[in-house]
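The values are calculated or read from the model by the stated rules, or taken from the named source; none is laboratory data. As the structure is a computational prediction, the values presented were derived from the model and not from experiment. All Cβ positions, glycine included, derive from the backbone under ideal geometry; neighbour counts span all protein chains shown. Protein only, heavy atoms only, side chains kept; ligands, DNA and RNA dropped before computing areas. Shrake-Rupley method; radii C 1.70, N 1.55, O 1.52, S 1.80 Å.
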Amino acid sequence: MPYGALYAATKHAIEGYSESLDHELRTRGIRVSVIEPAYTKTQFDANLLEADSKLDEYRDVRAVLGKTLKEVMAAADEPSVVADAVLKAAIAVRPKVRYTAGGLASRLRWLRRFAPSSVLDAGIRKDLHLDTLIASPPPTLVLEK
């Protein structure tokens, strides 16, 4: 998720931790599975912390991305989709390490596996309208003698 680097980092950390823990506990008859949902209708945004100081350079980006995310969340999967994936993992005789939850999550997993990363990146940027944002040109560094 662009502009959500900290959130994305925590998700990647959970994946690595879960995969490692699965290897450690498997010899004890315990399996660890990662549930991979896409957008899910929750109260997620109610607990977001706003930055103490916001950079003006990102004002337009924040506005467009905020509007786009509201639209995406309006069409998001119901929490029951995630609950179904959790139940499937919990009752599996031979649980997998990863379970996708919902159609979008399944499509993303398929794209990550078979499509070049440039195709996935372009789709994300298009869906979130990131390339339509007008960015300020980078500052020019002038060195004087």
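One residue is enough: does the stretch 58-74 have a residue meeting the conditions open to solvent by 70 Å² or more (accessible area, probe 1.4 Å), over 22 Å from G4 (Cβ atoms) and aromatic (F, W, Y)? No. Residues of the stretch 32-45 that are surrounded by fewer than 16 Cβ atoms within 10 Å (Cβ to Cβ) and assigned to a loop (DSSP other than H, G, I, E, B): K41, T42, Q43.
Can you work out which of the residues in the stretch 105-145 that are surrounded by fewer than 13 Cβ atoms within 10 Å (Cβ to Cβ), basic (K, R) and outside any loop (DSSP other than H, G, I, E, B) is modelled with the lowest pLDDT? So, considering only residues that are surrounded by fewer than 13 Cβ atoms within 10 Å (Cβ to Cβ), basic (K, R) and outside any loop (DSSP other than H, G, I, E, B), the one modelled with the lowest pLDDT is K126.
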